[in-house]
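The values are calculated or read from the model by the stated rules, or taken from the named source; none is laboratory data. Remember, predicted model here, so these are calculated numbers, not experimental data. Cβ placement follows ideal geometry from the backbone for every residue including glycine, while neighbour counts extend to all protein chains displayed.
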């Protein structure tokens, strides 16, 4: 089994979610049984059937429960390679489990690349279960966390192999905020870069290099948001270098690719 220094659990920044009514989240702490598999649990309400949420690239698959007067809908939600605006067409609440990149494969065997930019009903990949049934009537945020945590822990696969390799590499990528060379991961694990790319295509849905780009983008945008929220002086050049970009121009190209505009303009868009 591979061992890596434990990073702070990866918590993607999704400002569109955090602006929703009654938004709350529980970050999985070090020592929690699902640490390294689940990033966090979150919940928010929707009071209108005509709404939307802006979602930015984070490399995470979400297990989402949508509650309304007709009951609950359970889906696996793939991440997006670029910024998207998703309509919210129901009145009720949403409860989500956000998996660390590659973490879903510890509990549910799916071809992760097929989920990118799409969603599938949870019942397409898992059988009915008593704990999932309990989720249908759970109203309290803490109760929902308890039921779904027990369900996921019951499903964790005890064998390692490819899952363990991906988890080791992903922890490295997160620890270094995306500033990792794939050839270095190849040397450390003893596997070829081609084999690692194939594993990531199956477990994460994208190549290790693409995941590095997303983690680097997330780290830089979080740093920018903290400075701007605190009304502090912002040097985009410094932010770019701290995030590991070659220069500000390199960071700008990444933002154009991920969200379609420059860093400060995007911050203004999501905080209107």
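Consider residue 264 against the criteria (1) surrounded by 15 or more Cβ atoms within 10 Å (Cβ to Cβ); (2) more than 15 Å from residue 82 (Cβ to Cβ); (3) in contact (Cβ under 8 Å) with a residue 40 or more places away in the chain: it satisfies all of them except one. Which criterion is unmet?
(1) is the only condition that residue 264 fails.
Yes or no: segment 124-143 includes at least one residue that is within 30 Å of residue 214 (Cβ to Cβ), modelled with pLDDT of 95 or more and assigned to a helix (DSSP H, G or I). First the steps, then the outcome.
In the first step, residues of segment 124-143 are kept if they are within 30 Å of residue 214 (Cβ to Cβ); the result is 124-126, 132, 135, 141.
Imposing the further condition that a residue be modelled with pLDDT of 95 or more reduces the set to 141.
Of the ones still in play, those that are also assigned to a helix (DSSP H, G or I) are 141.
Within segment 124-143, one or more residues are within 30 Å of residue 214 (Cβ to Cβ), modelled with pLDDT of 95 or more and assigned to a helix (DSSP H, G or I).
Take the conditions within 27 Å of residue 102 (Cβ to Cβ) and either within 19 Å of the chain's Cα centre (by Cα) or part of a loop (DSSP other than H, G, I, E, B) (or both) and apply them to residue 272. Does it pass? Quick ask: steps written out before the conclusion?
On the way: within 27 Å of residue 102 (Cβ to Cβ): no; either within 19 Å of the chain's Cα centre (by Cα) or part of a loop (DSSP other than H, G, I, E, B) (or both): yes.
Spelling it out, it is not the case that residue 272 is within 27 Å of residue 102 (Cβ to Cβ) and either within 19 Å of the chain's Cα centre (by Cα) or part of a loop (DSSP other than H, G, I, E, B) (or both).
So, residue 67, is that one more than 11 Å from the chain's Cα centre (by Cα), within 30 Å of residue 262 (Cα to Cα) and buried (at least 21 other Cβ atoms within 10 Å of the Cβ) or not? Show your work before the answer.
Details: more than 11 Å from the chain's Cα centre (by Cα): yes; within 30 Å of residue 262 (Cα to Cα): no; buried (at least 21 other Cβ atoms within 10 Å of the Cβ): yes.
No.
Before we move on, is residue 215 under 19 Å from residue 10 (Cα atoms), within 18 Å of the chain's Cα centre (by Cα) and outside any helix (DSSP H, G or I)?
Details: under 19 Å from residue 10 (Cα atoms): yes; within 18 Å of the chain's Cα centre (by Cα): yes; outside any helix (DSSP H, G or I): no.
No, not satisfied.
Would you mention how many residues in segment 228-248 are in contact with a helix residue (DSSP H, G or I) (Cβ under 8 Å, 6 or more places away or on another chain) and part of a helix (DSSP H, G or I)?
Selection size over segment 228-248: 7.
Restricting attention to segment 70-82, and to residues there that are out of contact with any helix residue (DSSP H, G or I) (no Cβ under 7 Å at 6 or more places or on another chain) and assigned to a strand (DSSP E or B), which single residue is surrounded by the fewest Cβ atoms within 10 Å (Cβ to Cβ)?
Quick first cut of segment 70-82, residues out of contact with any helix residue (DSSP H, G or I) (no Cβ under 7 Å at 6 or more places or on another chain) only: 70, 73, 77, 79-81.
Next, only the ones that are assigned to a strand (DSSP E or B) stay: 73, 77.
On the way: 73: 16, 77: 19.
Only one residue fits best here, namely 73.
Report, by residue number, each residue of segment 124-145 that is within 20 Å of the chain's Cα centre (by Cα) and more than 20 Å from residue 70 (Cα to Cα).
Narrowing segment 124-145 to residues within 20 Å of the chain's Cα centre (by Cα): 125, 141, 144-145.
Listed by number, the residues that qualify are 125, 145.
Which residues, counting only those in segment 226-259, are surrounded by fewer than 17 Cβ atoms within 10 Å (Cβ to Cβ) and in contact (Cβ under 8 Å) with a residue 60 or more places away in the chain?
Within segment 226-259, 257 is the sole residue that qualifies.
Just one of (1) part of a strand (DSSP E or B); (2) at pLDDT below 95 trips up residue 95, so point out which.
(2)
Residues to consider are 16, 59; find the one that is out of contact with any strand residue (DSSP E or B) (no Cβ under 8 Å at 6 or more places or on another chain) and either under 21 Å from residue 222 (Cα atoms) or in a loop (DSSP other than H, G, I, E, B) (or both). Explain how you work it out, then say what you get.
On the way: 16 fails: out of contact with any strand residue (DSSP E or B) (no Cβ under 8 Å at 6 or more places or on another chain).
Sole residue among the options that is out of contact with any strand residue (DSSP E or B) (no Cβ under 8 Å at 6 or more places or on another chain) and either under 21 Å from residue 222 (Cα atoms) or in a loop (DSSP other than H, G, I, E, B) (or both): 59.
Which of the residues that make up segment 19-46 are in a loop (DSSP other than H, G, I, E, B), at positive phi and surrounded by fewer than 16 Cβ atoms within 10 Å (Cβ to Cβ)?
Here is the first cut: in segment 19-46, the ones in a loop (DSSP other than H, G, I, E, B) are 19-20, 28-34, 36-37.
Add one more test, that the residue is at positive phi, and what stays is 31, 36.
31 - this is the single residue of segment 19-46 that is in a loop (DSSP other than H, G, I, E, B), at positive phi and surrounded by fewer than 16 Cβ atoms within 10 Å (Cβ to Cβ).
All but one of (1) exposed (fewer than 15 other Cβ atoms within 10 Å of the Cβ); (2) in contact with a helix residue (DSSP H, G or I) (Cβ under 8 Å, 6 or more places away or on another chain); (3) in a loop (DSSP other than H, G, I, E, B) hold for residue 49; which doesn't?
(2)
Against the condition part of a helix (DSSP H, G or I), more than 19 Å from the chain's Cα centre (by Cα) and over 29 Å from residue 18 (Cα atoms), how does residue 195 come out, does it pass? Talk me through it step by step, then tell me what you get.
Values: part of a helix (DSSP H, G or I): yes; more than 19 Å from the chain's Cα centre (by Cα): yes; over 29 Å from residue 18 (Cα atoms): yes.
The answer is yes for residue 195.
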